Amino acid sequence: MKEKYGTLQVTGTGDIKVAPDEAVVKLRVLTEGKTASEAVAMAAKQTDAVLKAVSAQPNHGVTTTGLGVSPVITYDPKTNVPSIVGFRASNGVQIRTKVSYAGQVFDAGVKAGANQSSGIDFRLQDETPFREDALRMAVKAACKEARLVAKSADVEIEGPEMIEIDPRPTQLFYRAQALEAKSVATPVIPEDLTVSASVQIKFRTKG
């Protein structure tokens, strides 16, 4: 009897739970003035105060991001004609620190003048070993599924014909609810991150 050859494609996933070891606190200063230069000068002064405050906290990197200035426009309720009534300037500050210091750094920045935030990102400084474990789990899961399907279909697996890796991002966000300087440190308790990997394997079969 002539052998029949074909293919069997399966997908395997692997997930590794791990506690984040780095927090990125994202703060922003927003100011308004009658002129663009006035708004920018106010933002610069306020940003400098924030930088000094957060730099005095435990950290391993402070940077500024997203400097900008734009007009503040209002519209006449009767004619709908726009007019510039002032200018708005902004500047962002990002601080990399240990997770345990995230709330402390956040509060210091707010107390010094930061009045906006997109939250706190939690991540791993090096996810390589966890990513490797997730990939091993994904391949193992795919092979197990392939053997099960092949046995049920009464065919033999000869070997992989194609392997594709489909990575998924690893990130967790904490969104701050209020930007008010308080005597009690803002509590920051992140969940574990999930380092994930997914593989697709196409096997050659005969039977």
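The values are calculated or read from the model by the stated rules, or taken from the named source; none is laboratory data. Just so we're clear, the structure is a prediction, and the values are computed from it rather than from any experiment. Neighbour counts run over all protein chains shown; Cβ positions are idealised from the backbone, glycine included.
Among the residues making up segment 56-71, those that are over 22 Å from the mean Cα position of the chain (by Cα) and either loosely packed, with under 14 Cβ neighbours inside 10 Å or in contact (Cβ under 8 Å) with a residue 60 or more places away in the chain (or both) are Ala56, Gly68, Ser70, Pro71. Taken over segment 133-160, the criterion of being in contact with a strand residue (DSSP E or B) (Cβ under 6 Å, 6 or more places away or on another chain) and among the charged types (D, E, K, R) is satisfied by Asp133, Glu145, Glu156, Glu158.
Being aliphatic (A, V, I, L, M) and surrounded by 11 or more Cβ atoms within 10 Å (Cβ to Cβ) is the requirement here; does Val85 meet it? It is true that Val85 is aliphatic (A, V, I, L, M) and surrounded by 11 or more Cβ atoms within 10 Å (Cβ to Cβ). Checked against the criterion of being modelled with pLDDT of 95 or more and under 30 Å from Arg204 (Cβ atoms), the candidates Lys52, Lys140, Lys45 yield just one match: Lys140. Applying the selection to segment 12-43, what residues are small (Gly, Ala, Ser), surrounded by 14 or more Cβ atoms within 10 Å (Cβ to Cβ) and more than 17 Å from Gly86 (Cα to Cα)? Gly12, Gly14, Ala23, listed by residue number.
Pairs linking a residue in segment 17-46 that is part of a loop (DSSP other than H, G, I, E, B) to a residue that is among the basic types (Lys, Arg), with Cβ atoms under 6 Å and 6 or more positions apart or on different chains, are Pro20/Arg123. Can you name every residue in segment 47-93 that is of a type in the set (D, E, K, R) and either touching a His at 6+ places or on another chain (Cβ under 7 Å) or part of a strand (DSSP E or B) (or both)? Of everything in segment 47-93, just one residue is of a type in the set (D, E, K, R) and either touching a His at 6+ places or on another chain (Cβ under 7 Å) or part of a strand (DSSP E or B) (or both), namely Arg88. Residues that are at pLDDT 85 or above and in contact with a Lys or Arg (Cβ under 7 Å, 6 or more places away or on another chain) within segment 161-192 comprise Glu161, Met162, Asp192, listed in sequence order.
Considered as a group, the residues in segment 94-121 that are aliphatic (A, V, I, L, M) and in a strand (DSSP E or B) include one that is nearest to the chain's Cα centre (by Cα), and that residue is Ile120. Residue selection: Glu38 fails the criterion of being charged (D, E, K, R), more than 31 Å from the chain's Cα centre (by Cα) and under 30 Å from Val155 (Cα atoms).
Filtering segment 1-58 to residues that are polar (S, T, N, Q) and in the same structural domain as Val105 (by TED's automatic domain parsing) leaves Thr31, Thr35, Ser37, Gln46, Thr47, Ser55, Gln57.
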